[in-house]
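Written below as structure tokens is the structure these notes are about.
The values are calculated or read from the model by the stated rules, or taken from the named source; none is laboratory data. A quick note: this is a predicted structure, and the numbers were derived from the prediction, not measured. Every residue, glycine among them, receives a Cβ derived from its backbone with ideal geometry; neighbour counts consider all protein chains shown.
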Amino acid sequence: MKIDDLDINILAYLFGNSHCTTTELTKKLYDTKDSREIVKIDSMIRYRVKRLAKMDIITSSNTTPAYYDLNKSCVFFGKGNLKINIENNRFMTVAMGHFMVIRVENDIIVKSMDAYEERIKYKKSIIQKSFLKK
């Protein structure tokens, strides 16, 4: 299972703005006013959100429209050092700054959030341009 920058951006937005729809996510994550672009991007966000929900990283309401929230037992945001239990109570400490920890099945994914916003702004514009050309 791969968690990429778009997934991280969705999770980071849900951290501060729980209980939102895919359309709200689309409008907040992508700066566009064109309704055709919004429909295309919304389809991509909807696919990603459903995939994250299947992985139990986020939760979905059983309403129409569906509202999404972080599964706080699987996603954790922190700052500082991350202490990792390697095996048999042998720990490794990693200086992380701001980080996100995602627990999926038997895996733990740790993503640094430092300088993430700038990286995402750049990638978002590239993703948006390439996605909309298709």
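A compact table of results
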item	result
Selection from the stretch 1-59 of residues that are of a type in the set (Ser, Thr, Tyr) and outside any helix (DSSP H, G or I)	18, 21, 30, 32, 59
Test: residue 21 is in contact (Cβ under 8 Å) with a residue 12 or more places away in the chain, surrounded by 13 or more Cβ atoms within 10 Å (Cβ to Cβ) and touching a Pro at 6+ places or on another chain (Cβ under 7 Å)	yes
Subset tally (residues that are modelled with pLDDT of 90 or more and either farther than 13 Å from residue 22 by Cα or not small (Gly, Ala, Ser) (or both)) for the stretch 43-71	20
Subset of the stretch 88-97 [at pLDDT 80 or above and part of a strand (DSSP E or B)]	90, 91, 92, 93
Count of the stretch 52-75 residues which are surrounded by 15 or more Cβ atoms within 10 Å (Cβ to Cβ), under 30 Å from residue 96 (Cα atoms) and either in contact (Cβ under 8 Å) with a residue 24 or more places away in the chain or aliphatic (A, V, I, L, M) (or both)	10
Residue in the stretch 99-119 that is in a strand (DSSP E or B), surrounded by 10 or more Cβ atoms within 10 Å (Cβ to Cβ), in contact with a Ser or Thr (Cβ under 6 Å, 6 or more places away or on another chain) and modelled with pLDDT of 55 or more present	yes
Scan of the stretch 1-35 for residues that are more than 12 Å from the chain's Cα centre (by Cα) and among the aromatic types (Phe, Trp, Tyr), ordered by number	30
